[in-house]
1. Quick check on my filter: what residues within the stretch 178-196 are of a type in the set (A, V, I, L, M) and under 18 Å from residue 13 (Cβ atoms)?
2. In the stretch 130-152, is there at least one residue being in contact (Cβ under 8 Å) with a residue 24 or more places away in the chain and within 23 Å of residue 43 (Cβ to Cβ)?
3. Scan the stretch 73-91 residue by residue and report those that are over 17 Å from residue 55 (Cβ atoms), surrounded by fewer than 24 Cβ atoms within 10 Å (Cβ to Cβ) and touching a residue at least 40 places away in the same chain (Cβ under 8 Å).
4. Under the condition of being surrounded by fewer than 20 Cβ atoms within 10 Å (Cβ to Cβ) and under 18 Å from the mean Cα position of the chain (by Cα), which residue from the stretch 137-167 is farthest from residue 9 (Cα to Cα)?
5. So in the stretch 120-129, with the set limited to residues that are surrounded by fewer than 24 Cβ atoms within 10 Å (Cβ to Cβ) and without any contact (Cβ under 8 Å) to a residue 60 or more places away in the chain, which one is farthest from residue 215 (Cα to Cα)?
6. Which residues, counting only those in the stretch 9-21, are in contact with an Asp or Glu (Cβ under 8 Å, 6 or more places away or on another chain) and either at pLDDT below 95 or surrounded by fewer than 21 Cβ atoms within 10 Å (Cβ to Cβ) (or both)?
7. What are the pairs, 6+ residues apart or on separate chains, where a residue within the stretch 18-40 that is assigned by TED's automatic domain parsing to the domain that holds residue 196 has its Cβ under 8 Å from a residue that is polar (S, T, N, Q) and assigned to a strand (DSSP E or B)?
8. Which ones in the stretch 22-39 are loosely packed, with under 13 Cβ neighbours inside 10 Å and part of a loop (DSSP other than H, G, I, E, B)?
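The values are calculated or read from the model by the stated rules, or taken from the named source; none is laboratory data. Just so it is clear, the model here is predicted, and its values are computed rather than measured. For neighbour counting, all protein chains shown are included, and Cβ atoms are generated from backbone atoms with ideal geometry for every residue, glycine included.
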Amino acid sequence: MRVLAIDTATWRCSVALVQDGAVLAERAERTTSNHAGTLPRLVDETLRLAGATLERDDALAVTIGPGSFTGLRIALGFAKGIAYAGGHRLVGVPTLDALALVAPPTTGRVCAVLDARKREVYAGVYEWSGGRLVRLGDPVAIAAETLAQQLEGPCTFIGDAVESYGEVFRSVLGAGAVLLPSEHHPPSAAAAARLAMARLVGADSGDDLETIEPRYLRPPEAELTQSAHSPSEGRSRLSFVDKVPLVY
């Protein structure tokens, strides 16, 4: 099975071609605006590096949020176009699930965190159980300090919010906060491909091309600018009750 995966949820545009768990080629680039011009080029470069062309049996994977509103829309629209034209299956992968998979295995919890602006982060909490990564509850948009206060150390933080709020996490959790900067542990489309492949192995037909949409977690920026308060104030609390295995 071969999967072309795309991740544009952050400023880093990542594309990977993965076959049966092996990365055939991967290209990534940090952009300073949006990914509209970068993404098609990286897809072309990735396929050329692998010496491959997309076949009908190949599938597509795309991270669908949370993350950059513009980045998510660009990637999903691009992936849908390829899927429609080539008859490919398309799998939407939660951004934070793929990011958590980049972190090395640990005995404590893993918190995938992206800078959501407006003094908040997008966060998902995970732990290793039986050799598998398990998500604890649903991802949330939450103030960085509130997030740290609801966690217990040790906890490994990964994502671009580490650069923005690492000191906040350390001020609350002390040595229990392990920080993995994006420079050394960036988002990877290959991780998204692994998660998509796990679904497709079970004869999954992928997501419906008509109904699949980005998962933003909170209203658009235009609506948030009308309020001086934290956009998710009073509404975000972590839940560790439901456990969702990330099968791969």
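1. Residues satisfying the conditions are 189, 190, 191, 192, 193, 196.
2. No: zero hits.
3. Of everything in the stretch 73-91, those that are over 17 Å from residue 55 (Cβ atoms), surrounded by fewer than 24 Cβ atoms within 10 Å (Cβ to Cβ) and touching a residue at least 40 places away in the same chain (Cβ under 8 Å) turn out to be 73, 74, 76, 78, 80.
4. Here the residue is 137.
5. 128
6. 10, 11, 12
7. Pairs found: 26/14; 27/14; 28/14.
8. 32, 33, 37
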